[in-house]
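Engineer: My questions will all concern the structure given below.
Here, each number is a calculation from the coordinates, and none is a lab measurement. Because the structure is predicted, anything quoted here is derived from the model rather than measured. Glycine gets a Cβ as well: all are built from the backbone with ideal geometry, and neighbour counts include every protein chain shown.
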There are 2 protein chains.
Amino acid sequence: MVYENMTLEELEKEHAQLLQVYEDFKARDLRLDISRGKPSVEQLDLSMPMMDVLSSDVDYLSESGFDTRNYGMLTGLTECKRLMAEIMETYPDNVIIFCDSSLNIMFDVVAKAYTHGVMGSTPWCKLPEVKFLCPVPGYDRHFAITEYFGIKMINIPMDDNGPDMDLVEKYVSEDPAVKGIWCVPKYSNPTGCVYSDEVVKRFANLEPAAEDFRIYWDNAYNVHHLDMNHPRIIPELLELAARAGNPDMVYKFGSFSKITFPGSSIAALATSKNNIADVMSQMKIQTIGHNKINQLKHVRYFKNTHGVMAHMAKHAVILKPKFDMVEKILSKDLGSMDIAHWSHPEGGYFVSFDTMPGCAARVIRLMKEAGVTMTEAGATYPYHRDPDDSNIRIAPTYISVQELREALKIFTTVVRLVTLERYLGEMNGN
Amino acid sequence: MVYENMTLEELEKEHAQLLQVYEDFKARDLRLDISRGKPSVEQLDLSMPMMDVLSSDVDYLSESGFDTRNYGMLTGLTECKRLMAEIMETYPDNVIIFCDSSLNIMFDVVAKAYTHGVMGSTPWCKLPEVKFLCPVPGYDRHFAITEYFGIKMINIPMDDNGPDMDLVEKYVSEDPAVKGIWCVPKYSNPTGCVYSDEVVKRFANLEPAAEDFRIYWDNAYNVHHLDMNHPRIIPELLELAARAGNPDMVYKFGSFSKITFPGSSIAALATSKNNIADVMSQMKIQTIGHNKINQLKHVRYFKNTHGVMAHMAKHAVILKPKFDMVEKILSKDLGSMDIAHWSHPEGGYFVSFDTMPGCAARVIRLMKEAGVTMTEAGATYPYHRDPDDSNIRIAPTYISVQELREALKIFTTVVRLVTLERYLGEMNGN
């Protein structure tokens with residue numbers, strides 16, 4: 001660390017300077033938000049032509065002649081299943097189309113396991129303890145679901161290849177209370193990590209102690225590449241798991257939220273026929289059918305996966321400069337200082353940033369005081385507890401490149417300031 | 001009963017004649033469906049102009065300037081709450097807008113009570129027994145929810161004024177295991193009954209033994225009048241209950257499913273602020289927000305309740321002749337026979353028909369064999385058990401008036417035939 005080679009006087013001078021820069025930023029009374037993975041207005045505009053495909057002067061018949069405006073077709077339009085299956089790299093028969101958000105599907109699947117069990121197993125509400133493995137840092141809304149149902153969450157460290165599979169295999173094979181693992185296998189939230197082929201294969205070959213163990217495979221960013229010339233492709237888990245003798249071990253989740261309109265798009269579950277029958281036993285009680293007009297609108301607009309990939313290329317054109325800006329500012333301001341490291345994602349919506357231990361919460365508080373909202377410290381860990389208080393999630397997509405540059409200049413200043421405070425505190429024996 | 005005055009010979013002749021008429025119908029190989037409360041194609045067409053209000057060349061901002069295309073606004077657009085509140089006869093602050101179907105809201109509210117309790121009470125999954133009161137005949141999908149969660153259902157008889165309130169009061173005040181009652185207070189499914197002012201007042205003044213007792217007030221047909229010049233108006237239960245000292249006792253459900261497009265519209269829960277906070281504790285884990293583009297579309301099209309009422313008048317023009325046809329054929333063919341009675345709804349989607357005891361299942365089987373699908377016998381009762389085997393739900397809305405006439409001619413023939421069979425069987429000591 002560069003501070004180690006400086007005298008106390010130099011350190012105090014540096015501190016005073018950083019504080020001044022920070023105060024100057026604060027005085028500007030900025031209002032910037034890099035807290036959530038939201039598409040920008042420009043990105044939303046990309047999907048506006050879709051709003052013209054279903055006017056009053058076209059028919060609303062599915063390809064089988066079904067009137068999508070009325071009740072029915074509980075599992076979704078056949079052509080929508082085909083589209084979603086292409087994107088999710090599986091077969092239409094393995095797909096159920098849901099309402100607006102894959103988060104809601106995940107909630108419902110966990111809720112069903114809690115109230116009614118999985119394929120005939122004991123409902124989790126009747127068990128003394130249920131555990132989930134949580135690769136960290138991870139997605140706060142996943143952890144919120146398992147916390148809501150009182151499920152004990154166990155942190156699993158991740159590296160650039162994905163979760164620590166030795167640990168995953170040990171827990172899954174030895175502890176029948178372990179019923180699931182949350183995974184974002186591609187362009188992971190927040191690290192951007194892409195699971196290696198080896199890691200995916202080891203997932204497919206797990207030997208769970210619990211018959212109702214499932215992998216909750218949230219492939220939210222499967223087609224969300226930053227460089228469409230170099231998309232990352234990972235092995236398809238449903239097929240691999242089936243070949244490994246685990247046909248029912250995987251729930252895959254997919255969504256159009258970050259393809260068209262967040263919350264107003266379509267989402268899907270892809271899984272085995274047994275699991276589909278099991279999920280349907282709940283879904284047929286919940287609903288007479290989801291929004292098929294929205295399904296039809298998406299299918300008529302995109303037609304197939306080629307249409308979706310062409311559309312994602314337009315998103316990439318907007319997103320790439322933002323991720324480039326993050327990399328540029330962070331490496332320029334912090335690259336030589338050895339006081340932080342961060343991820344270099346090739347897709348998805350986030351950059352994961354690690355401060356020195358014990359700095360993250362204060363960084364985020366100072367950022368807030370300077371008018372920049374970031375994801376709450378600890379949010380990327382179960383129970384909001386980051387054991388090192390070091391992980392920060394940067395969400396660069398919503399604001400403009402210029403605003404992002406500004407937010408990051410403040411951020412690197414604050415990171416240096418807080419690190420230096422800690423260092424000075426340690427020197428003074430605090 | 002007219003058959004009582006006939007000789008055996010006359011009865012057997014009548015039977016032979018009816019059988020011949022029935023066989024002639026059968027030979028026509030019809031395919032008619034009067035099983036579900038589905039709007040007709042003509043009715044769906046009424047809402048097609050709504051599909052033009054959100055094209056690519058208009059803005060998607062809510063009245064507060066919020067971009068409805070992005071994440072956020074968990075409880076719904078303010079203007080949509082206002083619209084829904086007007087229709088549901090309450091205040092916008094009491095309303096949460098959900099996804100496509102009120103059935104799903106009911107499911108979620110019951111599920112939450114099962115897994116996490118109601119406003120801090122013991123989760124129902126931890127209780128030895130939970131009971132619901134079920135006014136009968138009622139809506140099969142209500143009963144399916146409570147059956148799914150293992151809740152014991154207790155039949156409550158209904159008359160033209162609503163449920164037997166002496167019985168309701170007794171159960172609710174004496175048994176703390178009674179946690180809810182399913183109600184369709186206006187144009188009830190299937191009887192068409194409108195709860196009297198007196199009944200609604202007695203509901204508001206219930207004194208539940210259970211603190212987590214709630215009235216599940218599914219006001220699905222609140223604006224679905226058959227004669228717009230004579231709409232039935234009932235007292236507003238949320239307000240009445242609050243005045244009676246029961247501010248948190250009511251969940252009200254509303255939906256646009258039978259105003260615009262079933263499954264592709266919007267739905268809402270209206271309830272007290274305490275209940276809203278309680279429901280939100282689950283909803284904020286489930287979703288980042290529901291389909292706001294669809295909310296905006298409905299609000300821009302209807303503007304307010306005047307727009308909705310004008311729209312409902314168009315539905316009434318289509319629906320009234322169908323209900324008139326039911327009344328006409330039933331009273332012409334069966335009115336003088338004293339072998340059946342039926343309801344005379346002023347709104348909603350159904351006519352409830354009662355045969356002599358022990359006839360309904362066979363009537364529906366013979367109808368099916370003649371190519372007319374009706375709601376399964378027993379469906380209007382919890383556990384699909386109609387103790388008298390007499391109730392039949394007629395859903396006249398989906399097919400054309402001409403087809404409906406045909407279906408009803410078969411129906412009255414079959415009802416006479418089956419009643420006569422039973423009567424002859426009894427005469428022969430079977």
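Engineer: Can you put B:THR355, A:THR7, B:THR373, A:THR287 in order of Cβ neighbours within 10 angstrom, beginning with the fewest?
Structural biologist: In order of increasing Cβ crowding within 10 Å: A:THR7, B:THR373, A:THR287, B:THR355.
Engineer: Please give the calculated 222 nm ellipticity per residue for chain A, where each DSSP H segment of at least 4 residues contributes -39500 (n - 2.57) and the sum is spread over every residue; nearest 500 deg cm²/dmol?
Structural biologist: After summing the helix terms and dividing by the residues of chain A, the value is -13000 deg cm²/dmol.
Engineer: Helix hunt in chain B: which complete DSSP H runs extend at least 30 Å axially by C-alpha with mean Kyte-Doolittle at least 0.0?
Structural biologist: Correct list, ordered by number: B:305-334, B:401-427.
Engineer: Loop-only trypsin sites (Lys or Arg not before Pro) in region A:327-390, please: DSSP not H, G, I, E or B, and at most 13 other Cβ atoms within 10 Å.
Structural biologist: A:ARG385
Engineer: Of B:PRO157, B:THR90, B:ALA277, which is farthest towards the positive pole of region B:61-303's charge dipole, taken about the Cα centre with +1 and -1 on the beta-carbons of Lys, Arg and Asp, Glu respectively?
Structural biologist: Of the listed residues, the answer is B:ALA277.
Engineer: Mind checking region A:61-169 for trypsin sites (Lys or Arg not before Pro) that DSSP puts in a loop (not H, G, I, E or B) and that have at most 12 other Cβ atoms within 10 Å?
Structural biologist: The qualifying sites: there are none.
Engineer: Here's another thing I want to ask about it. Among A:PHE149, B:PHE302, A:PHE203, which comes first, then next, by fewest other beta-carbon atoms within 10 Å?
Structural biologist: The order, fewest Cβ neighbours first, is A:PHE149, B:PHE302, A:PHE203.
Engineer: Follow-up. Between B:THR373 and residues 5 or more places away or on another chain, which pairs have amide H atoms under 5 Å apart, with H built 1.01 Å from N, and which residues are they?
Structural biologist: B:LEU32, B:ASP33, B:ILE34
Engineer: Taking neighbour counts of Cβ atoms within 10 Å as a proxy for exposure, in what order, fewest first, do A:MET367, A:MET280, A:MET48 appear?
Structural biologist: A:MET280, A:MET48, A:MET367
Engineer: Further question on the same structure: Over 22 Å between Cα atoms: which of A:LYS368/B:LYS273; B:LYS152/B:LYS258; A:LYS284/B:LYS112; B:LYS112/B:LYS303; A:LYS126/B:LYS152; B:LYS13/B:LYS328 fall into that group?
Structural biologist: From the list (A:LYS368/B:LYS273; B:LYS152/B:LYS258; A:LYS284/B:LYS112; B:LYS112/B:LYS303; A:LYS126/B:LYS152; B:LYS13/B:LYS328), the Cα-Cα distance tops 22 Å for A:LYS368/B:LYS273; B:LYS152/B:LYS258; B:LYS112/B:LYS303; B:LYS13/B:LYS328.
Engineer: Output, in nm with one decimal and in ascending order, the distances from the A:PRO128 label point to the matching label points of the other copies (7 Å from Cα along Cα-to-Cβ).
Structural biologist: For A:PRO128, the other copies' label points sit at 2.3 nm, shortest first.
Engineer: Between A:LEU19 and B:LYS152, how high is the FRET efficiency from 1/(1 + (r/R0)^6) when r is the Cβ-Cβ distance and R₀ = 56 Å? Nearest 0.05.
Structural biologist: The pair A:LEU19/B:LYS152 has a calculated efficiency of 0.25.
Engineer: So, in Å, what gap is there between the alpha-carbon centers of region A:359-430 and region A:232-293?
Structural biologist: If you average the Cα positions of each part, the centres end up 36 Å apart.
Engineer: For B:ALA313 and B:GLU63, what does the FRET efficiency come to when R0 = 30 Å and r is the distance between their Cβ atoms, rounded to the nearest 0.05?
Structural biologist: Between B:ALA313 and B:GLU63 the formula returns 0.65.
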